[in-house]
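Take a look at the structure set out below.
The values are calculated or read from the model by the stated rules, or taken from the named source; none is laboratory data. Bear in mind the structure is a predicted one, so any value in this text is a computation, not a measurement. Using ideal geometry, Cβ is built from the backbone for each residue, glycine included, and neighbour counts are taken over all protein chains shown.
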């Protein structure tokens, strides 16, 4: 079963590489087809990083424009999907850094929560996440929302595996510090209210 | 549980914890982390934190309703970009052509004009002046065949329209200067061969080329 799935994925990658080859020749039908294939995935990916519907809508278009312009730069060293999602990651990062389309992160929904953590902790963690530098935030989202392995995260972010591991390590350290500070502030506030 | 934690393993495991939590480690790595966690409180606490983070991210990142792809908008944007690029290319071509035209104008009008700028009295123009272009003096040594009368030799030299004629030391030898259009060496050689084809002339040798110089009025 795993072999069949891998063969299917390889076949899809070859098909997409062929589309890129046609895009190099300025074939508009090819870019339209690739756009239809990637639109839902890219939209969700960008939305997951930026939490902005408008940013996702706009950036998907920008990403496909970059694919159109830089198709000749694809050397086949990675899968087409990794190459495209790498572009998406950089566009999202740039967009967030510019602050033009700053992510409007929704707070965790008050839905039936994960059994492991209570809603308050989730809320603090969510706030803490947004205190992190953008590359660390995005790495957290790639790993925990998209469930990427460290090698996939490295490929998409264009970093070495060691850099990705270090980035996640520092993110975790900062989160821990933030939670500790928040807990101290929280208990001070509690004392003020009850004291 | 009484087993001691290996410090080298701790560092390695610590860096892999996010991927232990999202379950993307391979079997060997997963087992090694699992084994380490059984003995390491610090790593277990970190796993709890990262699990909470994962839950938070997953809860907050609701799956959006994806709008339908707008292929037409993308193709319009590509067409627009291509038109802009074509326009820029056209502008660049026009700018290049204008620059070249400017250079040509400078070369054909301005530079000769500079050359025609009056020089100081008593100085001489060179053949780069358009007035002298294409006119060169060739100095030829002409040797007549023995027994050709002097009168016949002089008639032959007059036919050359020689500007200067100097009699050489030997009999029938002359050094003459003829003014001819600027020519290639091949043409000069052809010219001297034509002269040699005359029954009266034995040899004609081009010995020098002079650039005509004219004193300014």
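Couple of notes before you dig in:
- All of A:56, A:30, A:17 fail the test of being within 13 Å of another protein chain (Cβ to nearest Cβ) and more than 20 Å from the chain's Cα centre (by Cα), apart from A:30.
- Evaluated against (1) outside the structural domain of residue B:16 (by TED's automatic domain parsing); (2) in contact with a helix residue (DSSP H, G or I) (Cβ under 9 Å, 6 or more places away or on another chain), residue B:95 falls short on exactly one condition, (2).
- Residues in segment A:157-179 that are crowded, with 21+ Cβ neighbours inside 10 Å, within 9 Å of another protein chain (Cβ to nearest Cβ) and more than 13 Å from residue B:15 (Cα to Cα): A:175 only.
- Of all residues in segment B:155-186, those satisfying the criterion of being surrounded by 12 or more Cβ atoms within 10 Å (Cβ to Cβ) and assigned to a helix (DSSP H, G or I) are B:156, B:157.
- From the list B:58, B:85, B:73, the lone residue that is in a helix (DSSP H, G or I) and modelled with pLDDT of 85 or more is B:73.
- Selection status of residue B:36, at pLDDT 85 or above and farther than 30 Å from residue A:43 by Cα: yes
- Checking every residue in segment B:46-57 against the condition of being surrounded by fewer than 16 Cβ atoms within 10 Å (Cβ to Cβ) and touching a helix residue (DSSP H, G or I) at 6+ places or on another chain (Cβ under 9 Å) gives zero matches.
- Those helices (runs of 4 or more DSSP H) of segment A:71-156 in which at least 2 residues are at pLDDT 85 or above and facing chain B (nearest Cβ under 7 Å), considering only elements entirely within it, cover A:134-144.
- Scanning segment A:26-70 for residues that are in contact (Cβ under 8 Å) with a residue 40 or more places away in the chain and either in a loop (DSSP other than H, G, I, E, B) or touching a strand residue (DSSP E or B) at 6+ places or on another chain (Cβ under 8 Å) (or both) turns up A:51, A:52.
- Annotation note: Cβ proximity below 6 Å between a residue of segment B:12-40 that is away from every other protein chain (no Cβ under 11 Å) and in contact (Cβ under 8 Å) with a residue 60 or more places away in the chain and a residue that is surrounded by fewer than 16 Cβ atoms within 10 Å (Cβ to Cβ) and in a helix (DSSP H, G or I) (sequence gap 6+ or interchain) occurs for no pair.
- Which listed residue is surrounded by 10 or more Cβ atoms within 10 Å (Cβ to Cβ), at pLDDT below 90, over 51 Å from the mean Cα position of the chain (by Cα) and more than 14 Å from chain A (Cβ to nearest Cβ), from B:5, B:103: B:5
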